[in-house]
Amino acid sequence: MAELDEPNPEINQARGALCYGDTIDVFHIGRIKVVQRYACIRRDQFEWTADGPFPPSFREYLAQRGSIRGSAVLYILDIPEKFQLTVAPNAGRAVFVPRLSTELEWQKKVVIEIVSALDEFVRIV
Amino acid sequence: MAVDERIVTEAVAGLELKGNEEGLIPAFGLYLTKHFADYYNRISYGLLGAFIRELPELEEDAIALLTEAGHVCSFHTFGGIMVSVEWDAVVMPMIETREDWVKGMIGVVNALGWGRYRLQELVPNERLVLQMSDSYEAAGVLEGYGKAAHPRCYLASGGAAGLMNLLYQGDITKRPPLTDELYHEVFGHPRSFRARETRCLAMGDSHCEIIVERQHA
């Protein structure tokens with residue numbers, strides 16, 4: 001078969017059936033609950049929540065990864081070509097939106113890394 | 001503390017909502033884009049004009065389509081905003097009553113460049129009256145087609161109806177998943193809210209006015 005002759009229905013079959021916002025997975029990392037949702041064929045959205053506010057040390061940790069904008073009640077870590085993380089610390093809630101240029105596996109790996117750090121900060125508090 | 005729309009508007013304006021290198025604005029749990037109002041208006045009123053010229057018997061259907069676009073838009077956009085991280089951070093701490101959700105949403109809208117919305121009347125679960133100054137739809141009609149014989153803010157009208165439906169029909173305060181099923185359940189209900197525009201800048205009025213009330217079964 002020549003290249004681009006016919007679409008291969010087996011490729012992305014599982015993800016192709018999903019719609020925007022569909023829940024793919026729900027898991028916990030320590031005290032943090034993470035919901036993984038379908039955004040498009042090449043990226044997922046991750047939302048995580050804690051029972052209480054995120055400690056200030058979490059923001060300091062994120063600041064080591066890139067520049068943060070916003071206020072004390074709502075701040076955004078935006079790393080071009082990688083991801084955007086929007087954090088409502090007092091509500092104990094954050095949303096991770098990866099860029100299309102990243103791989104699905106990488107997206108989840110980074111989320112686990114950040115949430116694991118957050119869980120440590122929450123435990124210390 | 002009740003919702004102070006001005007504080008909400010200032011907070012949202014301070015988020016620096018701008019496109020990233022993908023051309024998208026990931027905000028409110030949504031992927032937003034900056035869009036030319038003139039482009040939207042050209043498509044909307046071009047469609048309506050084509051119906052009026054070619055299939056005048058379907059003019060009301062064309063208007064219903066454009067209004068339905070507002071219903072769908074508000075369900076996902078307003079709904080998405082009201083369950084978002086940003087809402088939790090900025091608006092939720094000020095909310096005391098269900099009606100505060102409407103005030104908070106107006107505060108957000110006023111940061112988005114759609115015109116200036118003002119809450120004129122809100123009867124819980126019954127009626128909403130909104131005033132809009134400098135509606136981009138009405139301004140686009142005036143600019144492109146001249147004074148109109150009828151109100152022309154279809155997206156805003158559909159959006160206003162959607163706001164009341166989200167709050168009093170779909171109970172967005174419980175954060176339901178914004179699925180197609182919920183959309184049809186909420187907007188397909190015989191007593192769901194619908195809007196009518198009673199004044200419009202495009203007709204020569206000083207501002208636009210939208211009244212939202214329940215349909216009668």
Taking A:Gly30 as the residue in question, decide whether it is of a type in the set (Gly, Ala, Ser) and within 14 Å of chain B (Cβ to nearest Cβ).
no
Would you please name the residue that is most open to solvent (accessible area, probe 1.4 Å), looking only at residues in the range B:177-202 that are closer than 16 Å to B:Leu128 by Cβ and of a type in the set (Gly, Ala, Ser)?
B:Ala195
Kindly evaluate B:Lys147 against the criterion of being outside any strand (DSSP E or B), over 16 Å from the mean Cα position of the chain (by Cα) and of a type outside the set (Ser, Thr, Tyr).
yes
Condition first: out of contact with any Asp or Glu (no Cβ under 8 Å at 6 or more places or on another chain), surrounded by fewer than 19 Cβ atoms within 10 Å (Cβ to Cβ) and at pLDDT 95 or above. Now tell me which residues in the range A:26-46 satisfy that.
A:Val26, A:Phe27, A:His28, A:Lys33
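Residue by residue, here is whether (1) within 9 Å of chain B (Cβ to nearest Cβ); (2) in contact with a helix residue (DSSP H, G or I) (Cβ under 6 Å, 6 or more places away or on another chain); (3) under 13 Å from B:Pro26 (Cα atoms) holds:
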| residue | (1), (2), (3) |
| --- | --- |
| A:Tyr38 | no, no, no |
| A:Trp48 | no, yes, no |
| A:Ser71 | yes, no, no |
| A:Leu74 | yes, yes, no |
| A:Thr102 | no, no, no |
| A:Trp106 | no, no, no |
If you take the residues in the range B:79-121 that are open to solvent by 20 Å² or more (accessible area, probe 1.4 Å) and within 14 Å of chain A (Cβ to nearest Cβ), which one is farthest from B:Lys18 (Cα to Cα)?
B:Ile95
Boolean, B:Ala138 is in contact (Cβ under 8 Å) with a residue 60 or more places away in the chain and open to solvent by less than 10 Å² (accessible area, probe 1.4 Å):
yes
Those residues of the range B:12-41 that are within 15 Å of B:Ser135 (Cα to Cα), of a type outside the set (Gly, Ala, Ser) and surrounded by 12 or more Cβ atoms within 10 Å (Cβ to Cβ) come to a total of 3
Report, ordered by the first and then the second residue, all pairs with beta carbons closer than 9 Å, sequence separation of six or more or different chains, a first member in the range A:96-125 that is farther than 26 Å from B:Glu21 by Cβ, and a second member that is of a type in the set (A, V, I, L, M) and at pLDDT below 95.
none
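Return yes when A:Arg42 is within 13 Å of another protein chain (Cβ to nearest Cβ) and either touching a residue at least 24 places away in the same chain (Cβ under 8 Å) or not β-branched (Val, Ile, Thr) (or both) and no when it is not.
Working: within 13 Å of another protein chain (Cβ to nearest Cβ): yes; either touching a residue at least 24 places away in the same chain (Cβ under 8 Å) or not β-branched (Val, Ile, Thr) (or both): yes.
For A:Arg42, the condition - within 13 Å of another protein chain (Cβ to nearest Cβ) and either touching a residue at least 24 places away in the same chain (Cβ under 8 Å) or not β-branched (Val, Ile, Thr) (or both) - is met.
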Cross-chain or 6+ apart pairs with Cβ under 9 Å, the range B:27-38 first and more than 10 Å from chain A (Cβ to nearest Cβ), then basic (Lys, Arg) and open to solvent by 40 Å² or more (accessible area, probe 1.4 Å)
B:Lys34/B:Lys18; B:Phe36/B:Arg42
Which of the following residues is modelled with pLDDT of 95 or more, over 28 Å from B:Leu30 (Cβ atoms) and part of a helix (DSSP H, G or I): B:Ala161, B:Ala202, B:Ala138?
B:Ala202
Taking the conditions exactly as written (surrounded by 18 or more Cβ atoms within 10 Å (Cβ to Cβ), closer than 26 Å to B:Tyr31 by Cβ, at pLDDT 95 or above and within 14 Å of chain A (Cβ to nearest Cβ)), does B:Gly70 satisfy them or not?
no
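The values are calculated or read from the model by the stated rules, or taken from the named source; none is laboratory data. It should be emphasised that the depicted structure is a prediction, and the values quoted were computed from it without experimental measurement. FYI the Cβ positions are ideal-geometry reconstructions off the backbone, even for glycines, and counts take in every protein chain you see. When the accessible area is computed, the model is the full protein with side chains, heavy atoms only, and any ligands, DNA or RNA have been set aside. Shrake-Rupley method; radii C 1.70, N 1.55, O 1.52, S 1.80 Å.
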